[in-house]
Amino acid sequence: MAKRAKSSRSKVGAPRAKERAGVISRKRGGKAAQQNSLDDLVAAAARALDLAIAPEWRGGVKANLAVTFAFAELFVDFPLPDEAEPAPVFSA
């Protein structure tokens, strides 16, 4: 019985997400500026929502926001023609 090689799929995805998250930091003045702005955003959102975020979870929240913003960056610059119309709304 031959052994199969372990999948390196999870190892490949993580650095790529971090690399894409860095796109925002390069555009806005570096990683330190991004971390400060994410800290400020998390703190402001927690206050606005009256949400208590434990210190050990703040790093995960900031990482999730960085990845979310990196994904949003992919769509922000997508050119739409002037004649584009919004999709119809369907209801059940």
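Readers should treat all values here as calculations from the given coordinates under stated rules, not as data from a laboratory. Quantities reported herein were computed from a predicted structural model and do not represent experimental measurements. When we count neighbours, we look across all protein chains shown, and the Cβ atoms used for this are built from the backbone with ideal geometry, even at glycine.
Take each peptide in 49-55, 80-86, 68-74, count the other Cβ atoms within 10 Å of every residue, and average; sorted highest first, the result is 68-74, 49-55, 80-86. Diffusion of the stretch 33-92 by Stokes-Einstein, at 37 °C in a medium of 0.692 mPa s and with Rh set to the Kirkwood radius over alpha-carbon pairs, works out to 228 µm²/s. Each residue, E73 and L41, gets one label point 7 Å from its Cα in the Cβ direction; the gap between the two is 1.1 nm.
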